[in-house]
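Each remark here refers to the structure printed beneath this line.
The values are calculated or read from the model by the stated rules, or taken from the named source; none is laboratory data. Remember, predicted model here, so these are calculated numbers, not experimental data. All Cβ positions, even for glycine, are placed from backbone atoms using ideal geometry, and neighbour counts span all protein chains on display. To get the accessible areas, we keep the full protein, side chains included, count just its heavy atoms, and leave off ligands, DNA and RNA. Shrake-Rupley method; radii C 1.70, N 1.55, O 1.52, S 1.80 Å.
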Amino acid sequence: MALDSCTNYSLQEEIQRNCDVNLDTCYECGKCSGGCSNGHIFDFTPRKIIQLIKLGQENTLLHMDALWICVACNICWDRCPSSINIPRIMDYLREKAHQQGITATRPQVETFHRLMLDSIYKRGRVAEVPMMIQYNLAIGNLFNESGMAARMLLKGKLRPVLTSVKQIQTVRQMFNNPKKKEG
Amino acid sequence: MQNTAKTALVIGAGPAGIEAALKIGQAGYSVILIEKEKQIGGMVGKLCSSFPRWENPQEMLDLKTRELGKFLSNITLLTNTTLKFCEPVEKGYLVILEDSDKELNVKVDAVVLATGFDLFDASVYGEYGYGIYPGVMDALEFENQLKDWSAHKSQTEAPGAIAFFKCVGSRDRSKGNPYCSKICCMYTAKQAGLVKELFPETKCYVFYMDYRSAGKGYEEFVRSVIEEKHVHYIRGRASKVLPQNNRLLVRAEDTLMGIPIEVEVDKVVLATGVIPRKETARLVEAFGINTDQYGFIESEFGSPAKAGKRVFFAGGCNFAIELPGAQYQGAAAAAEVINLFYQDEQEER
Amino acid sequence: MVIFLPREKAGELVDGLYKKVDSYHLVENLESCLACGKCVGNCPVASLTPSYNPRQIIRDVLTGNMRRWLQSEEIWRCFWCAGCYTGCPVDIHYPMLVMQLRFRAIENQYGLKYFTPFKRFALRAREDALTFAPGAKGRERIMRLRTAMGVSPWPEVSEKAVAEYKALFDMTGTTEWLNAINDEDDKPVSLTYAAGRIKDEQS
Amino acid sequence: MDIAYFPGCSLHGMAKEYDVSTRIICRHLGISLKEVKDWNCCGATAAHSLDHLLSISLNVRNLALTRDMQLNCLMTPCAGCFSRLKGTSYEIKRNSQDFTYPDSIKDISVEHLLQFLVDRVGVETIKNKVQNPLKGLKVAAYYGCLITRPHCITQFDDPEQPVSMDKLLKALGAEPVSWSHKTECCGGGFAVSDTAIVLDLGGQVLEAAREAGARAIVTACPMCQTNLDTRQKAIEKERGIDFNLPIIYLSQLIGLALGYSPRELGLNRLLVSPANLFS
Amino acid sequence: MNRVRVVEPDQRIPEVPEAIFLFRSCTGSMEYPGTENAIKEILKLLGIEVVMDPDQTCCSGYLLTCSGYLPEFSLGVTARNMSIIEKSGLPPYVFCNGCYGYLSELTHIMEHNPAYKDMANGLIGSLGYHYKGGNNIFHVQELYYRLKDEIAGKVVRPLNGLRVGCHYGCHYLANQYGILDDGGYPAFHEELIEALGGTPVFYKERQMCCGYSVGRGFTHKEELVQPHLYKKFKSAREAGVELITTVCPGCNVALDREQPALAKKGYEFDIPVIDMGQLIALALGVPVEKLGFGANTVSVDKVLKKLGVGKGD
């Protein structure tokens, strides 16, 4: 792989500080990658990702596809002989990419996450029906999944009744904490 | 001249214990060699070949048994026997040995611990499904399998493929065994080689992080297994075993290619690491000697085989060790014992 | 959209492929490869084309993964500088492997477009026992230069030599073998070692 | 006994039946569930994907609310919420965040319904209460990613080869099949946003269950349920196999064994109808 | 791997031959005829007779073989040429790394695999040749180095500190059937340069391949060869190299002919590239018109000026 020109040599320290891991304990054995639920479609397997962090390839890392198709199933973390918390690292990188406004390789995934957060911001809980509608608007396909939605509606799965948190402001103030950049 | 005034107790009749007993006996002192199993030979007795020269360990054992036979006047071999009780006395220990029916009280002037090691319990690794999928076996079980195969080669039909996983219970902090068990690389190469010997058509895959072959002729041994026997080494720690149409599907990453791969095999052999015996812990307590954090016996500073007051050790109870190494340590322990006895005699004169 | 790359199936691999590839017995010690990667460190092409990786190509030949190298452009990029061979701790003559990989590729009509220029050279060399003998204009220039130095205007190559060189061409069937190759049936090749796995390919 | 109960958003929405059935069986087992007052969403995948700090604070609030109720055991039937809540208490225990939290919330033990039933209530207790055992019902116990993984957080059962749910199902008289994908991922997080992944991963799970000869999949996670249930048609189309595997909630199955009617337990709300299982 | 990789010059060439068989290089005799001529001139001054044989053909080239010639053919051609050399009874000297690597490679193959030798003999037998085998292939640079001191003694036109960067060429270094000096870090060209009164420059990429190798210049010029050469020239210029010497017409072609293309891309280097032989010949006072610098794409004039050699004299 071509080494990235913009290399961030403090990336490893940064990640270790924030994610409460020690990447120097990595055996490079690849056990994480062999079992990874989506490893076969990752552009960089978890093992490579750790290697890239050590090489400080920030740019590559923040732009990679793996960030947006990691299902956070924790298999890597659980099987790792050094129990390195890889899911947390993925979260950290994803968050960083998001804050830097880097467009996700899977925009719809990012959109979905954002809408979910919006919903939490609005009423402190996730309301599925409105969120689905917003999502369809966002991805510009109003009838996405509509067939399924109908079947679910018949089964009474999609309830228009929405419950909300009463002291919503206590929830909202979490959003405006200094650490979070409004994106 | 023969001097039977002094007696040494050797616990465990594996290669190390036998060697120690022999040397002490040959020096003219009397030895009690006890073994909890029915057979002598310990681990070695369970193996069907050895590295780096493909010798049959059984032959070596027979040789040693013959030698023991020559010194029966000095060396008393008690199988099915364990140490029941011991208390320190002046210049030695009072011990009670017990077998199925009777007990035996003796005063011994020195003790050699040669209790050997145990294998890691692979069922801790849920992902490998040891004890769940019949095709998954640990190293010793596979040694038996190999013996069985070579016994009735004609009427067994060759397995299509076998996968060997290395570092099972070794180099794994999350399972509390950060150490390298040292022998697995070699015996895995040996087992894979034997399979190819028996069934050249069988595909052998060895999933490894790196192979550690520090030792006389070891590297050549592993290379020959790869280059001449065509065992297929895949660099990457196997990650998951799944059952698939009555075979086993192994998932791993080929870290050299950087690509997740799948291999369908009939058997999975786990190169299980080495751990201390439970019995050793009991003895350690009884004789009040030191162990490391894992429970392996520690030597006193500056001495190769001394564990405590008139207590010595040899072989696997100290750490993972291969056959020759165990014999060296047995001899070393014997040397210390003989020296100790000699000193005693000087004082007594 | 998602491209579903299957996990590599070890079952699909060709057993003992390297023996088939090394039909001329020029790299018989291939199996002693330690996968140490010293070759890659030495390789000028790898430094320009990150996906070109002698170690991985050797590995694929050993594991029997035909598909990837056969359809790869990488094997056509090798400079044959033999830096890999110079450094190799077990003296694997990697260039000789690449040579034979290219034979296989040509057999299977992959990357012919990389071969056709040499086909032209070969067939012209056949005419006057000199490789790279240029066309009429080039000849004049050469003659001018050589005469200026006071040596024979054209390198002394005897009729005999030319005839016998040509004869060898035909005896060994090289001529029709060359003529048989035409770039119509060229199958496309790509940087297969980069595909899908490693994204940024900038050198 | 009094237990703080955290239903979570999906149990108030798509997975209503899970909520209902859980409440029913708990009542039957003499456990009074005290729903956490004014609870908020655990943040789910979205929060920890885009804003780690937010996902921590959201759950700290929930834990704090639990403490206000003077209860020190918080039970949730939703694997996702469980993972987030327990993860949060794990993190604040390790103090890896440079914030301080009131100690009292650190020793609230977060438990998943399954863990709760097995560890606190006990399999025997449930076994004794079984009215109509589910004779010979071959089911696959599907734990999913988040109930047992990672072990260092959940501290419950074997992360790779769990057995607790199988024990429970045996106690109900059902026959849990032994199968390979107990803890493989179904891709639930991408149920909506990246269907291709779901079809791939979910497909693998369904096929494994089918090969093992299960007639239904039992799950204790609303995401897994919704995912495998609603996507089953699509997966069937893609793989060209007719699975027709009902995805049933653990609580519903227990409810049935305890003698409640399918209707009360909301079994009718499953897209792949389990009707033919109990006829 | 018990092969001797590095030998001393006087082991390699125990006593200096009176006469040598000079193996014609196609590229050498056509692209840069000056190279061939320079060798003849030098050896004349050193009192060594040069024999060439018109019956000798092209060595049939790495370039073509490893891009798809059938080895049967290459072996045949090599066997034929070698048998001609054997007939002459003189030590064979080549002045092209291509020929060197190629001949030694294929002779090695035939030695180590008799079947091929027989096959080749079967081929050329019909043409009335027979190849015995077991002979060494030499490169003229080895002879230069063996005669370093004589050459130094004969210098009439010292290079007075001309900063020269050497290019060894891979197919000599990589062909480790007992070569001069260490293939990993050779330095004997530099010693020669010093002997001629020049300043050898150990520029960073001095061992880097010329990029012409095996004709990637025809297939991957844009994406490989040019960026590759850019690296080499860049490091050379940074080290202040005024002249690059090669010992292989092939390398010469690559390094010399490609520079305009690089210049068009905006990378102007303008470093003249000549053969080691030509440089020695210059130092030994061989008249410049005999060295055919007219063949070079990058003009050698400023070097000549620095050495005080006018085009005319």
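Annotations for the structure displayed:
- Count of region A:89-104 residues which are more than 8 Å from every other protein chain (Cβ to nearest Cβ) and either within 30 Å of residue B:238 (Cα to Cα) or open to solvent by less than 30 Å² (accessible area, probe 1.4 Å) (or both): 6
- Residue B:58 meets the stated requirement of being assigned to a helix (DSSP H, G or I) and not assigned by TED's automatic domain parsing to the domain that holds residue B:214.
- In the set E:266, E:217, E:184, only one residue is farther than 28 Å from residue E:46 by Cβ, buried (at least 22 other Cβ atoms within 10 Å of the Cβ) and either away from every other protein chain (no Cβ under 14 Å) or free of Cβ contacts under 8 Å to residues at least 60 places away in the same chain (or both); that residue is E:217.
- Top-ranked residue in region B:126-139 [being open to solvent by less than 40 Å² (accessible area, probe 1.4 Å) and among the aliphatic types (A, V, I, L, M); ranked as farthest from the other protein chains (Cβ to nearest Cβ)]: B:139
- In the condition set (1) more than 27 Å from residue E:288 (Cα to Cα); (2) within 22 Å of the chain's Cα centre (by Cα); (3) at pLDDT 90 or above, residue E:94 is compliant with all but (1).
- Output for region A:92-106, where each listed residue is touching a residue at least 24 places away in the same chain (Cβ under 8 Å) and either touching a helix residue (DSSP H, G or I) at 6+ places or on another chain (Cβ under 8 Å) or part of a helix (DSSP H, G or I) (or both): A:92, A:93, A:94, A:96, A:97, A:98, A:99, A:100, A:102, A:104, A:105, A:106
- Taking region C:94-160 and the helices (runs of 4 or more DSSP H) fully enclosed by it, the elements with 2 or more residues that are crowded, with 22+ Cβ neighbours inside 10 Å are at C:94-107, C:116-128.
- Residue D:130 meets all of the listed conditions (1) closer than 18 Å to residue D:220 by Cα; (2) open to solvent by 20 Å² or more (accessible area, probe 1.4 Å); (3) among the hydrophobic types (A, V, I, L, M, F, W, C) but one, namely (1).
- From the options D:271, D:199, residue that is open to solvent by 10 Å² or more (accessible area, probe 1.4 Å), under 28 Å from residue D:42 (Cα atoms) and part of a loop (DSSP other than H, G, I, E, B): D:271
- Subset of region C:32-41 [closer than 30 Å to residue E:230 by Cβ, open to solvent by less than 30 Å² (accessible area, probe 1.4 Å) and assigned to a helix (DSSP H, G or I)]: C:39
- Residue C:166 touching a residue at least 24 places away in the same chain (Cβ under 8 Å) and basic (Lys, Arg): yes
One line per residue, one yes/no per condition, for (1) crowded, with 18+ Cβ neighbours inside 10 Å; (2) facing chain E (nearest Cβ under 9 Å); (3) modelled with pLDDT under 85:
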{"position": "C:5", "(1), (2), (3)": "no, no, yes"}
{"position": "C:13", "(1), (2), (3)": "yes, no, yes"}
{"position": "C:16", "(1), (2), (3)": "no, no, yes"}
{"position": "C:19", "(1), (2), (3)": "no, no, no"}
{"position": "C:30", "(1), (2), (3)": "yes, no, no"}
{"position": "C:55", "(1), (2), (3)": "yes, no, no"}
{"position": "C:58", "(1), (2), (3)": "yes, no, no"}
{"position": "C:62", "(1), (2), (3)": "yes, no, no"}
{"position": "C:72", "(1), (2), (3)": "yes, no, no"}
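- Residue identified as over 30 Å from residue A:45 (Cα atoms) and over 17 Å from the mean Cα position of the chain (by Cα) among B:286, B:326, B:238: B:286
- Test: residue D:84 is more than 9 Å from chain A (Cβ to nearest Cβ) and at pLDDT 90 or above: yes
- Residue tally, condition open to solvent by less than 20 Å² (accessible area, probe 1.4 Å) and outside any loop (DSSP other than H, G, I, E, B), over region D:160-182: 6
- Among residues of region B:213-244, those that are of a type outside the set (Val, Ile, Thr) and within 13 Å of chain A (Cβ to nearest Cβ), counted: 7
- Residue in region E:284-298 that is touching a strand residue (DSSP E or B) at 6+ places or on another chain (Cβ under 7 Å) and either surrounded by fewer than 19 Cβ atoms within 10 Å (Cβ to Cβ) or more than 13 Å from chain C (Cβ to nearest Cβ) (or both) present: yes
- Unmet criterion (only one of (1) in contact with a helix residue (DSSP H, G or I) (Cβ under 9 Å, 6 or more places away or on another chain); (2) in a helix (DSSP H, G or I)) for residue E:205: (2)
- Checking each residue in region E:187-197 for being in a loop (DSSP other than H, G, I, E, B) and open to solvent by 10 Å² or more (accessible area, probe 1.4 Å) picks out E:187, E:197.
- Checklist (1) open to solvent by less than 50 Å² (accessible area, probe 1.4 Å); (2) more than 8 Å from every other protein chain (Cβ to nearest Cβ); (3) touching an Asp or Glu at 6+ places or on another chain (Cβ under 8 Å) applied to residue B:247, failing item: (1)
- Region B:193-244, subset touching a Cys at 6+ places or on another chain (Cβ under 6 Å) and of a type in the set (A, V, I, L, M, F, W, C), residue surrounded by the fewest Cβ atoms within 10 Å (Cβ to Cβ): B:209
- Any hit, region A:23-31, residues being open to solvent by 10 Å² or more (accessible area, probe 1.4 Å) and in contact with an Asp or Glu (Cβ under 8 Å, 6 or more places away or on another chain): no
- Counted residues, region A:42-58 - those being assigned to a helix (DSSP H, G or I) and more than 11 Å from every other protein chain (Cβ to nearest Cβ): 6
- Only a single criterion out of (1) open to solvent by 60 Å² or more (accessible area, probe 1.4 Å); (2) among the aliphatic types (A, V, I, L, M); (3) not in a helix (DSSP H, G or I) is not satisfied by residue A:153, namely (3).
- Residue within region D:168-187 that is more than 14 Å from chain B (Cβ to nearest Cβ), under 25 Å from residue D:84 (Cβ atoms) and touching a Cys at 6+ places or on another chain (Cβ under 9 Å) present: yes
- Among residues of region E:135-179, those that are of a type in the set (A, V, I, L, M) and either within 14 Å of chain C (Cβ to nearest Cβ) or closer than 20 Å to residue C:93 by Cα (or both), counted: 4
- Some residue of region D:19-39 being open to solvent by less than 10 Å² (accessible area, probe 1.4 Å), under 16 Å from residue A:116 (Cβ atoms) and either at the interface with chain A (Cβ under 9 Å from one of its Cβ atoms) or touching a Gly at 6+ places or on another chain (Cβ under 9 Å) (or both): no
- Checked against (1) more than 11 Å from chain E (Cβ to nearest Cβ); (2) buried (at least 19 other Cβ atoms within 10 Å of the Cβ), residue C:44 passes all but a single condition, namely (1).
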